[in-house]
1. Collect the residues in segment 98-110 that are surrounded by 12 or more Cβ atoms within 10 Å (Cβ to Cβ) and part of a helix (DSSP H, G or I), keeping them in residue-number order.
2. From the set of residues in segment 330-379 that are surrounded by fewer than 17 Cβ atoms within 10 Å (Cβ to Cβ) and acidic (D, E), which is nearest to P415 (Cα to Cα)?
3. Select, from F367, F321, the only residue that is modelled with pLDDT under 90 and of a type in the set (A, V, I, L, M, F, W, C).
4. I'd like the full set of residues that are part of a loop (DSSP other than H, G, I, E, B), on the phi < 0 side of the Ramachandran plot and surrounded by fewer than 16 Cβ atoms within 10 Å (Cβ to Cβ), limited to segment 118-141.
5. As an exercise: evaluate N5 against (1) within 19 Å of I144 (Cα to Cα); (2) of a type outside the set (A, V, I, L, M, F, W, C); (3) under 26 Å from the mean Cα position of the chain (by Cα); (4) crowded, with 16+ Cβ neighbours inside 10 Å and give the number of the one condition it does not meet.
6. Please give the number of the condition N340 fails out of (1) at pLDDT below 70; (2) part of a loop (DSSP other than H, G, I, E, B).
7. Just checking, does segment 462-470 include any residue being buried (at least 17 other Cβ atoms within 10 Å of the Cβ), among the aromatic types (F, W, Y), outside any loop (DSSP other than H, G, I, E, B) and in contact (Cβ under 8 Å) with a residue 12 or more places away in the chain?
Amino acid sequence: MKYKNIKKALYFILKIGKFWFFVSLFTNVFLGIIPAIALFITKELVNSIARIIANPNLTFTIPIILLLLQLVVALTSTIVQNIQNYIDKKFEIKLDYQLQFKVLQKSASVPLVCFDNHKFYNHLARIEGSGSNFLTPFKSMLQIIKTFITFISMLVFLFSIHWSLVLFSLIVAIPMFIVHARFGSRRFWLLYNLTPESREATYVSGLLKVRETAKEVRAFRLQDYLLNRWSEKFQISNKANLALAKKEHISYITLDGVAALFYGGAAMIIIWLIQKTKIQIGEFVVIGEAVHTTQNSINNIAIELANIYENSLYIDDYYNFIESEIEDNSFEKNLLLPSNLVKGIKLENVSFSYPNNNNEIIKDVTFNIKPGEKIAIVGENGSGKTTLIKCLTGLYSPTRGRILYDDIDIKYVKPEQLSDKITIIFQDFTKYNFTAQENIGISSPVNMNDRNQIENASKLAEAHDFICNLNKGYETMLGRILGDGVDLSGGQWQKIAISRAIFKDSEILILDEPSAALDPITEINIFKKFNEISKDKTTIFISHRMASTRLADRILVLDKGAVVEAGTHEELMSLNRLYANMYTKQTEWHNDDFSKKTEEVLV
């Protein structure tokens, strides 16, 4: 068992919850003494009543006092236990917040490539809601202190009667600990191995419960298929858990049988003691209770030790996630980019492949982009356009080659520096279920309340008019998940995304097919506006509509991850290769009227 992470967890708990720890320590010590006090009071109460029965002239003063003491002890114990339960709950909520915050912080900082790895999702799923697993070992430690105090006090009492009672009470502890520890470990590894099935069951369950997929589930009548798939994965997990539970409870029944035999042995010793020694009726009454309490204490200590072992595995798993060195930290990321690029962007033999995959998505790509230049990147689906953009913006680290901004390799630059310099709109941009103002302003949170700038950005993206027509204007909630919001069309959402990009106002603007849901003429209009807006900006755009590429200073053509052509529209058309073929095929789909309108827009 790895104790180093238990130590880290203890330090973390003491850092955020010293009050909880020391109050819990005090209450558990107090509650550990209570059973011995209660046993002593019971013994004295029985003996005092026996004396009164033997001698009716004695008063009931002592029994009444002992009864009151018994009541006070029971009431105090209940009060202290309930206070402890409340403090535990309060601290568990605080701890769960802190642990989840660290998980979210880690998830937000890992390289984007992690989100293409199913093992990352499995690990993330396992540590969700780690608060109880994190706290259990320390509650178990405190519980052991409490139980140990009870245990020692019972042993002292039993030893005062006869040493063999102590032996019969102790000998059952070893098998109890072994069985509980073994099944604690098995439960963890079962969860570990079943994580993929559990995640798939949760995913399929989500498809049946969320609004985004509801229409397709009904249109294709997928209910039965998805229910069967969910049931299959859910049952795999259930069967494995039930099989383990069956073995576990059979073992516990066996243990209880062994404990009962030892308890019977202790009962025989008590009978023998009654015959051989003079013990008072009070001792006789409480000896059985003391043996039972001792065995229960041993059982509880074994359970708590097994809990510590089991939950230490969860703590290890948590720290393995939080402390995982996913990024290459061999480079010091402290170089500063210039406020404005002078030499531009350079890619030198850049290649990229996903971890544990030798297939290169990008292959030996080399080109330069001058400051203020407008570049269009085109290619068929799967040619690597979006992956290239992710490398260019630092979201993916190249497996080979270098990406330089003014001759500075971006692997030496802090990610936030690069992010401040670049605005990017992806084809699958995020539709935030926030207000219209927040949806636009979120690209620059520090300026989110600048309504004038937000409105100016939305006007340039042709979003202002339809936003003003919403029931609460810019304060209208978009989407229906978090409140009584409104749905937008695909084209309206894309205008919101374009407004978001304009609002950030970065030096470099990258558009990864952000206008795919717009009609061709509107799309070209948008790109023309971007041309005007980004007059002094370096602009890179990907578009599946070839007509818009004519707005670019230079066009790069990707095929199977490699740049196969580069030049202006006219130069590439004269080559009569891949670009010319793509352009010709696309224009054949449109009529002459469309071509005229396109020419008018481009003029």
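1. Answer for segment 98-110, where residues must be surrounded by 12 or more Cβ atoms within 10 Å (Cβ to Cβ) and part of a helix (DSSP H, G or I): Q98, L99, Q100, K102, V103, K106, S107.
2. Applying the filter and picking the extreme gives E332.
3. F321
4. Correct list: E128 only.
5. (1) is the only condition that N5 fails.
6. Every listed condition holds for N340 apart from (1).
7. The first filter runs over segment 462-470 and keeps only residues buried (at least 17 other Cβ atoms within 10 Å of the Cβ), leaving 462-464, 467, 470.
Subsequent filtering for residues that are among the aromatic types (F, W, Y) retains none.
No.
Quick grid of which residues meet (1) on the phi > 0 side of the Ramachandran plot; (2) without any contact (Cβ under 8 Å) to a residue 12 or more places away in the chain; (3) not in a helix (DSSP H, G or I):
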residue: G32; (1), (2), (3): no, no, no
residue: L39; (1), (2), (3): no, no, no
residue: I53; (1), (2), (3): no, yes, no
residue: P56; (1), (2), (3): no, yes, yes
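The values are calculated or read from the model by the stated rules, or taken from the named source; none is laboratory data. Small disclaimer: the values here were computed from a predicted structure and weren't measured. Cβ atoms come from the backbone with ideal geometry, glycine included; neighbour counts cover every protein chain shown.
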